[in-house]
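Data first, discussion second: the structure below is written as C-alpha cells.
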Amino acid sequence: MLYRTTGQFKTSYAADHALFPVRQDAVLMVIVLLFAWVIFPLTANEFVFQALLIPVLIYSLAALGLNILTGYAGQLSLGTGAFMGVGAYACYKLITIFPEMNLLVAIAISGLFSTAVGVAFGIPSLRIKGFYLAIATLAAQFFLVWLFEKWAWLYNYNASGAIQVPNMDMFGIRVAGPTASSMVQYYFVLFVVCVVTYFAINITRGRIGRMWKAVRDMDIAAELVGINLLKAKLIAFAVSSYIVGVSGALFVFLWRGAAEPNLFDIPLSFRVLFIAIIGGLGSILGNYLGAILIVALPVILNIIPEVFGLDINAATIEHLNIMIVGTLIIGVLIIEPHGLARFWAIIREKLIIWPFPH
Amino acid sequence: MDLLNNLFIKPFQDMVSAPDFLMQVIWEGLVSGVLYALIALGFVLIYKSSRIFNFAQGIMVVFAALTLVGLHERGVPALLAVPLTLLVMFILAAAIERIVLRPLVNQPDIILFMATIGITLFLIGFGELIFGGENKVMITEDLMIPTGSYVFEPFGGFVLIEQKDLTAVVGAILLVLVLLLFLNRSKMGRAIRALGDDHQAALSVGISLSTIWVLVWFIAGIIALATGIVWGARAGVSFALEVIAFKALPVLMLGGLESVTGAIVGGLAIGVLEKLFEIYWGQPLLGGNTETWFAFVFALIVLLFRPQGLFGEKIIERV
Amino acid sequence: MKKRFRSVVFGTAICLGSALAVPPAFAEDTIYAPNLAYRTGPFAATGIPLMNGQRDYIMMLNARDGGVNGVKIEYDECETGYSTEKGVECYEKTKSSAVVTQPWSTGITLQVLPKTNVDQIPILAPGYGFSPMSNGKVFQWAFNPPASYWDGASMMLNYVSDGDLSTLGGKKIALLHLDHPFGKEPIPLFEAMAEEHGFEFLPIPVGLKEMQNQSAQWLQIRRENPDYVLMWGWGAMNAGALSEAVKTRYPMDQFIGIWWAGHDDDLKTVGERGKGYKSISWSVPVNDAPVMADIKKHVVDAGDSLIDNPEDMNTVFYQRGILISMFLVEGIKAAQEHFGTKVVTPEQLRWGLANLNIDDAKIAELGMTGMLAPFSTSCDNHTGHADAWILQWDGTKFAPASDRISADRGVIEPLEQAKAMEYADANAPWPINEECS
C-alpha cells in the first residue's frame, strides 16, 4: 500500500534511468533531505551538532570513499586514515601558504593531493591481491603517519607537532576555527557531502561503476572481456582517495579544529572500515546507516546510564562500550553479512507487497 | 655526495668500527624477530586451516598473558596458573568457534576478517573489565625463567645477552619443533593440513570441521600464551602490547600467508633488518622511529617481485 | 524475520529517544566538576592512580565537611582513553553544566584551548598542557599550576649541573620522549638552553607503537653514550624504558624522568635494579600527612574509594592526584570568598584559579605539609612556578633526594612570551587581556 510500485509506468529510457525510478524512493529522499537541511539544524543543540550530526556526515563521507575502493572495486584497503591525513595536511598547507584562499576551494584541491598519493600506493594492486594488498595498504598507513610526524614542514615547524585550524571566513561568515558556529559548520559539511554523494551515485551506477564491479567479482574474467585492469583499479584508487582526502580535510577543518599525526593512525582506518562493512559493502546508502550506528552508538551508550540514573563508573562504561561495539560487529555480520543497507532493501521489499504477503 | 656517503658508506664504516655493537644490534633484532615469528605463526595456522585472517591473534597474546598474571595475583601458584590459562584459552577457542565462526562458514574472506576484528574489540573490553588497565609485571621468576644476563667481550667491546631473551629463543625453537612434529606426524595435524588444502575433500573423508577449528584456535591460544610470557617478561603486560600484532603482518606478507617456514624466516629477517635499518640509517638520517613502517615497505617491495610472499603457495587464477 | 525487524526498529527508537534527552540537571547546591579521565587504553596504568587520588580527595571533602563551604562538589568522570577525539566529545558533553574542564592530555588541551575562549570555561591542567599557558594575558582561561614542563626541564638541568649551567658545556644530554605533543613540549626550551650553555642536545623519540619495545632507542643511547638521559614518558612507555635501561646497564642515577615518569608501579617492574632512578616532582609523598589520614578514614575505610588496596595510597601518583583536586577546590574557595556566593560559575572560578595563594600556612591548614612547595598565581601568571624536588627510587619506593629546586624563570619567561604571542597570531583574532598589570 505504502510503497506500491504498480501503476508507475516508464515511457522513455530517460525515465527508466532516473536516479529514483520509483516515486516513493524520491519522496523518501526528499523527506530525508528535509530533515538533514531543515529539521535537524533547527532542533539540535551544540552537543548534538558536535558529537552526532557533523561526525556522522564526515565519517559517512570517508566510508563512501573506502566503499568505492573496497565495495565496488574489490580492493581491500586498511590505509583510509592516512589518506584522510593527506587531505587534512594538504589543506592545512594550502591555507597557511595562501591565507586568502576560499576554504571550499582549498578542500577541493587538497583532495587532489590525496588522489596522487592514493594512486601511487594503488599501483602495487596490479600485482598484489587479497589480504596481501590489505597489508600492503598498511605500508601506506604507517609510512604516512610517520611522515606527518617527522616532516616538520607539514605542520609549519610547530613545536608540538600538531596542526591548528585558524579562524577562517567565507563570504563574511566564519566557517572554520574556534569561533565558528556549529550550525554553519554543519551546513558546510552537509553541502560537501551532498555534492560528493550525488557524483558518487552517478559514477557507481554508470560505465565506470560497472567496470569496477566486474573487476571486483573476478578480475581475470574482467580482463578477458576487455576491461583494462590498470585503468579500472587506478581510477578506483583515485576516486576513492579523492573522497577520503576531502573527508579528511573536513574532519580537521570543520570538526576537530586541531590534529596531531597519530589521530590518523590505524584506529581511524578501522573505524571507517567498520562503517563501510556494517553499512554494507557496495552500497552508497550503507555508509550513512553504518556511520549513524558506529558514531552514535558510543555516545548513546554513554548517556544511557545517566538517563536511567545508574551509577556505573566511567571506565566500566567504556569497557562495556568496547565490548558492545565488538559484539555488534559480529552480530551484524552473522545476521546480515551484507550490512545495514541490505536490511533496508529487505524492509523495502516487504513494504512493496505489504499488507499482502506472498 | 655527502648524502651518498651517508647512505652507502658511513653506515658500513660504523658497523665495522664497532663490531660488538653490531652484534648487539643483530641479537636484539633476532629476539624481536622470534617474537614476530611466533605471532605470525598463530596467524598462519589459522589461515592455513580455515582461510580466516585472524586479526585477533594480537589481543589473544594480551589476553593470555593477563589471564596468567591475573590468576597468579588471585593466589593461584604459577605452575598451576599455566594449565588454568590454557584451559581458559581452550574455552575461548571453543566459544569463538561456536558463536562466531560456525554461523559465518562460507562467507567471503573480508567478512570473516571483520568478525575477528569484532572479537578483538570484545576481548579488549572484556579483558580490561576483568583485569583492569594497569600495567602488570610478568611473573618471570615464578615461572622459573632465569633473569640474569651473560656478557661477552669480543673486540674489546661488550655484548649483553639477557637470559630471558635466550630462554625466549630456545623456547620458541622448541615450540616450533613440537608444532611441526604435530602437524606432520600426528593424525590431527594431518587433518589440519588436509583441511587447509581442500575444505570439501577433507570434509568428505570425515574430518570434522568444528573439531579442527577449535583445535587450531586452541593451538593459536597456546602460541599466544608463549608469546605473551616472553614479551611480557621484557616489557610488562598491558594493553599496549596489542600493537605488536601489527608487527606480525609484514612478516606474513614476506613469508606467505600459508607457510610455517615463511613465518619463521620472515620473522627473523624482518626483526634483524628493521633493527639494522633503524640504527644505521633511520636514526642518523630520518629522525628515527622507522621501525613502524620499515617492515611494511620492505615486504611491499619484496611482494612486487613475488606476489605470494617468499614461501607462499603459488596463486593460480582460473576463470 | 519480521520479529527481528520490529526489535531493531524498537531498539533504534529507544536509542534515539535517549540521545535527545537532555543531560540530567544538577541540584542547585552542587558544583559540577567533571574530569576527562582515562582508565582504559595504553595510558591507563598511569592514569588510574591519579584519577583515584583526585576522586578520593573530593569524596573526602564531601564526606568530612559536606563539601566546600556547604556546597557539595559533584565529581564525575568522562572516559577518554587518552584519545583526543573522545576527549573533545567529553568536553562538549560536559561543558554546559561544568565549572571547569580537566583535559588530562596535552593533545586534548591543545584542542580545547581555543574553544574555552568562546565557551568561557576554565581549563585546569596541573603540571601538563602547553607551557606558554602560563601567560595569563594570552591564555585567559587556561591554568597549569604549579609548574609547567619548561619549568620542569629547567629544574632538571639545574639539578644535573648542580646549579651552575656553565658546567654543562661539552656534555651530551639525551631526551627520551614520547613522539606526541606531550613529549615534544620541552624541546624548544632544551634547544634554547643547549645553544646558550654549549651542551649537545639529542632528542630520541619513542613512537606510540614502540612504547613497549624500545630496544632501538636504547641501542642508540648505548652508541651515543650521553652524560644524562632525561625522559618525557607516559603510560606504558616508562616501564619499557626502565627495563631497557636496566638491560643496557645505563647508570640509573644519570637517568631522570619528568614528574609523569615517576610512577611507583612502573618502577616495580624493575624493582631493585631500578635503584637510583630519579624523577623531578612538584609533589612529595607524605604518607602520614593529616590529609591522608582523613581520606583513609572517610573514603577508603568507608569503602567509597576505587583503589584495590589501601597500600596504593602511599604512591606518588595517588597523592599527586589529591593535590590536583586541591588546586581546584582552593580555586573554588577563593571564588566563593571573593564573590560572596556559594555555587560558583565558571567565570568566577577563573578568578579563583588566577588568585590561588597556596602558602606554607595554607598547606599546613590543609594537612599537606611537605607535600608540595608554596606558590601563588595571578592574573598574568597562571602557573605559579612552584619549586620541585628530585625523588629517587630506592628499590621499593620513591624518596626525596634533593632540596627544593627552582626553575630559571629569567630564561623561560621570554620564550613563553614569544610562543604565546606566536600562538595568538596564528589563531587571530585571539582575545588578549591587557588588564593585568
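The numbers here are math on the coordinates, done by the rules we state, and not lab data. Here the structure is a predicted model, which is why all the values come from computation and not from measurement. Glycine gets a Cβ as well: all are built from the backbone with ideal geometry, and neighbour counts include every protein chain shown.
Looking only at A:233, A:129, A:213, which one moves most when chain A is put into a Gaussian network model with springs between Cα atoms under 10 Å?
A:129
Assigning unit charges at the beta carbon (Lys, Arg +1; Asp, Glu -1) and nothing else, what dipole magnitude in debye, to the nearest 20, does region B:212-319 show about its Cα centre?
Working: 6 positive and 7 negative charges, 21 e Å.
It comes to approximately 100 debye.
Residue farthest toward the positive end of the dipole of chain C, with Cβ of Lys/Arg at +1 and Asp/Glu at -1: which of C:432, C:418, C:277?
C:277
For chain A, build the charge dipole from Cβ charges (+1 Lys, Arg; -1 Asp, Glu) around the Cα centre, then report which of A:115, A:60, A:140 sits farthest towards its positive end.
The listed residue farthest towards the positive side: A:115.
Given the options C:175, C:139, C:124, identify the residue whose Cα lies farthest towards the positive end of the charge dipole of region C:119-201 (+1 on Cβ of Lys, Arg; -1 on Cβ of Asp, Glu).
Result: C:124.
Quick one: check the C-alpha center-to-center distance for region C:383-424 versus region B:190-244, whole angstrom.
51 Å
Can you sort A:350, A:10, C:278, B:314 by how many other beta carbons sit within 10 Å, fewest first? Could you put the intermediate results ahead of the total?
Details: A:350 15, A:10 11, C:278 26, B:314 8.
Sorted ascending by nearby Cβ count, the order is B:314, A:10, A:350, C:278.
As an exercise, use a Förster radius of 60 Å and the Cβ-Cβ distance of residue A:98 and residue B:76 to find the FRET efficiency, rounded to the nearest 0.05.
Numbers: r = 65 Å, r/R0 = 1.09.
Step by step, r from the Cβ atoms, then E = 0.40.
Nearest 20 debye, what's the magnitude of the dipole of the protein assembly as shown about its Cα centre given +1 on Lys and Arg Cβ and -1 on Asp and Glu Cβ?
Values: 74 positive and 93 negative charges, 1088 e Å.
So the dipole magnitude of the protein assembly as shown works out to roughly 5220 debye.
How would chain A be classified by its alpha-carbon gyration tensor: rounded, prolate or oblate, with rounded meaning a/c under 1.5 and the a/b versus b/c comparison settling the rest?
On the way: a/c = 1.43, a/b = 1.16, b/c = 1.23.
Rounded is the answer for chain A, as its axis ratio a/c remains below 1.5.
Please enumerate, by chain and number, the lysines with C-alpha under 20 Å from the C-alpha of residue C:275, excluding those fewer than 8 residues away in the same chain.
Reachable lysines: B:136, C:247, C:397.
In nm, give the distance between the simple-model label positions of residue A:224 and residue B:210, each being 7 Å from the Cα along the Cα-to-Cβ direction.
3.9 nm
To make sure I understand the rule: partners must be aspartates and glutamates, Cα under 18 Å from the Cα of residue C:115, and not fewer than 8 residues away in the same chain. Which ones qualify?
A:46, A:169, A:260, C:85, C:89, C:92, C:347, C:422, C:425
Distance from the Cα centre of region A:131-174 to that of region A:265-310, in angstrom?
24 Å
With runs of 4+ DSSP H residues as the only contributors, calculate the mean residue ellipticity of the protein assembly as shown at 222 nm using -39,500 (n - 2.57) per run, divided by the residue total and rounded to the nearest 500. Don't jump to the answer; show the numbers that get you there.
Working: 43 runs with 627 residues, N = 1114.
Mean residue ellipticity at 222 nm (helix-derived): -18500 deg cm²/dmol.
Decide, for region C:365-419, between rounded, prolate and oblate: order the square roots of the alpha carbon gyration tensor eigenvalues as a ≥ b ≥ c, take rounded if a/c falls under 1.5, and otherwise choose prolate if a/b is larger than b/c, else oblate.
Verdict is oblate for region C:365-419.
What does the charge dipole of region A:69-228 about its Cα centre add up to, to the nearest 20 debye, if the Cβ of each Lys and Arg holds +1 and the Cβ of each Asp and Glu holds -1?
340 debye
Taking only C-alpha pairs under 8 Å that are 6+ residues apart, what is the relative contact order of chain A in percent?
Details: 497 pairs, mean separation 107.0, N = 358.
Contact order relative to length: 30 percent.
For a footprinting-style exposure proxy, rank A:338, C:177 by other Cβ within 10 Å, fewest first.
Ranked by crowding around the Cβ, least crowded first: A:338, C:177.
Residue by residue through A:189-197, how many Cβ atoms from other chains fall within 10 Å of the Cβ on average? Intermediate values should be presented prior to the final figure.
Numbers: counts 0, 0, 0, 0, 0, 0, 0, 0, 0.
Partner Cβ neighbours, averaged per residue: 0.
In chain B, which helices (entire DSSP H runs) extend 18 Å or more along their own long axis, judged by Cα positions, while averaging at least 0.5 on the Kyte-Doolittle scale?
On the way: long enough: B:19-50 (45 Å, 1.28); B:57-73 (24 Å, 1.48); B:78-95 (25 Å, 2.62); B:109-131 (32 Å, 2.07); B:163-185 (32 Å, 1.66); B:209-235 (38 Å, 1.77); B:260-277 (25 Å, 1.65); B:291-305 (22 Å, 2.27).
Membrane-span-like by this rule: B:19-50, B:57-73, B:78-95, B:109-131, B:163-185, B:209-235, B:260-277, B:291-305.
Is the shape of region C:198-310 best called rounded, prolate or oblate, per the rule: a/c under 1.5 gives rounded, else a/b larger than b/c gives prolate, else oblate, with a ≥ b ≥ c the square roots of the Cα gyration tensor eigenvalues?
Values: a/c = 2.68, a/b = 2.17, b/c = 1.23.
Prolate, since a/c reaches 1.5 and a/b exceeds b/c.
Report, by chain and number, residues whose modeled amide H sits under 5 Å from the one on residue C:31, excluding near sequence neighbours (fewer than 5 apart, same chain).
Residues meeting the criterion, in which the H sits 1.01 Å from N, are C:72, C:73, C:74.
If I model a spin label as a point 7 Å beyond the Cα along the Cα-Cβ vector, how far apart are those points for residue C:337 and residue A:38 in nm?
The answer from the label model is 5.8 nm.
Run the numbers on region A:282-356 and let me know its relative contact order in percent, using alpha-carbon pairs under 8 Å that are six or more apart. Display every interim value, and only then the final one.
Numbers: 22 pairs, mean separation 28.0, N = 75.
Relative contact order for region A:282-356 comes out at 37 percent.
Rank-order A:42-53, B:198-209 by packing density, defined as the average count of other C-beta atoms within 10 Å over each peptide's residues, highest first. Before the final figure, lay out each step's value.
Working: A:42-53: 17.2, B:198-209: 12.6.
Descending packing order for the listed peptides: A:42-53, B:198-209.
Quick one, could you list the DSSP H helices from chain C stretching 30 Å or more along their long axis (Cα atoms) with average Kyte-Doolittle hydropathy of -1.0 or above?
Details: long enough: C:316-339 (35 Å, 0.62).
Within chain C the helices that satisfy the rule are C:316-339.
Within region A:97-136, find all residues whose amide N lies under 20 Å from a label point positioned 7 Å from the Cα of residue A:191 along Cα-to-beta-carbon.
Under cut-off, by backbone N: A:99-112.
Give the long-range amide H neighbours of residue C:127: residues separated by 5 or more places, or on another chain, with amide H under 5 Å away, using H modelled in the peptide plane at 1.01 Å from N.
Long-range HN contacts for residue C:127: C:147.
Ignore the peptide's own chain and count Cβ atoms of other chains within 10 Å of each Cβ in B:252-261; give me the average, rounded.
Details: counts 3, 9, 1, 0, 1, 4, 0, 0, 0, 0.
Mean partner shielding for this stretch: 2.
Taking the simple approach of a point 7 Å from Cα along Cα-to-Cβ for both residue B:98 and residue A:179, what is their distance in nm?
So the label points at residue B:98 and residue A:179 sit 6.3 nm apart.
Show me C:212-219, A:293-300 ranked by packing, highest mean number of other Cβ atoms within 10 Å first. Display every interim value, and only then the final one.
Details: C:212-219: 25.4, A:293-300: 19.8.
Output ranking for C:212-219, A:293-300: C:212-219, A:293-300.
Ranked by Cβ crowding within 10 angstrom, fewest neighbours first, how are C:227, C:359 ordered?
Working: C:227 15, C:359 11.
Placing the least packed residue first, the sequence is C:359, C:227.
Identify the residues of region A:331-358 with backbone N under 15 Å of a label point that sits 7 angstrom from the Cα of residue A:24 along the Cα-to-Cβ direction, or state none.
A:344-358
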